[in-house]
Ligand SMILES: [Fe+2]
Ligand SMILES: [Fe+2]
């Protein structure tokens, strides 16, 4: 994972690393594996978001609502493109190749980083 995405919160960094690996695998996948790997990425993202949402609830994080809203948007979008790609594989490929990495990178830098800083400041991790 590139340094600018490293938050130094082990549980979050692990999820982000796994996400990037999954994304790379989908990009390199042959046709028959595209949808199963895409579905795996959706399940992984649900786990990833639940982990962060549990921490925000448990520690009463001030920016929780904004973060929850972004998670809901990201997941909705991912599911939308998954459904689309069943009929129109090119659309799914274009989301995976051109869009998903940028979206997630931006979320980590702008949103997850606030949670990571809070956890470190409050000495919760
Ligand atoms: Fe995250
Ligand atoms: Fe997040």
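Here are a few things to note about the model shown:
- Filtering region 1-24 to residues that are more than 16 Å from ligand 1 (Cβ to nearest atom) and either in contact with a helix residue (DSSP H, G or I) (Cβ under 9 Å, 6 or more places away or on another chain) or at pLDDT 95 or above (or both) leaves only 24.
- Restricting attention to region 44-82, the residues that are farther than 28 Å from residue 120 by Cα and surrounded by fewer than 12 Cβ atoms within 10 Å (Cβ to Cβ) add up to 1.
- Search result, residues across region 25-38 that are surrounded by 12 or more Cβ atoms within 10 Å (Cβ to Cβ) and either in a helix (DSSP H, G or I) or within 13 Å of ligand 1 (Cβ to nearest atom) (or both): 25, 26, 27, 33, 34, 35, 37, 38
- Filter result for residue 41 (within 14 Å of ligand 1 (Cβ to nearest atom) and at pLDDT below 95): no
- Counting only helices (runs of 4 or more DSSP H) that sit wholly inside region 85-125, those with at least 3 residues that are within 12 Å of ligand 2 (Cβ to nearest atom) and either touching a helix residue (DSSP H, G or I) at 6+ places or on another chain (Cβ under 6 Å) or farther than 30 Å from residue 35 by Cβ (or both) are 113-121.
- Within region 42-68, being touching a residue at least 40 places away in the same chain (Cβ under 8 Å) and assigned to a helix (DSSP H, G or I) holds for 42, 51, 52, 55, 56, 66, 67.
The values are calculated or read from the model by the stated rules, or taken from the named source; none is laboratory data. Keep in mind it's a predicted model, so treat the numbers as computed, not measured. When we count neighbours, we look across all protein chains shown, and the Cβ atoms used for this are built from the backbone with ideal geometry, even at glycine.
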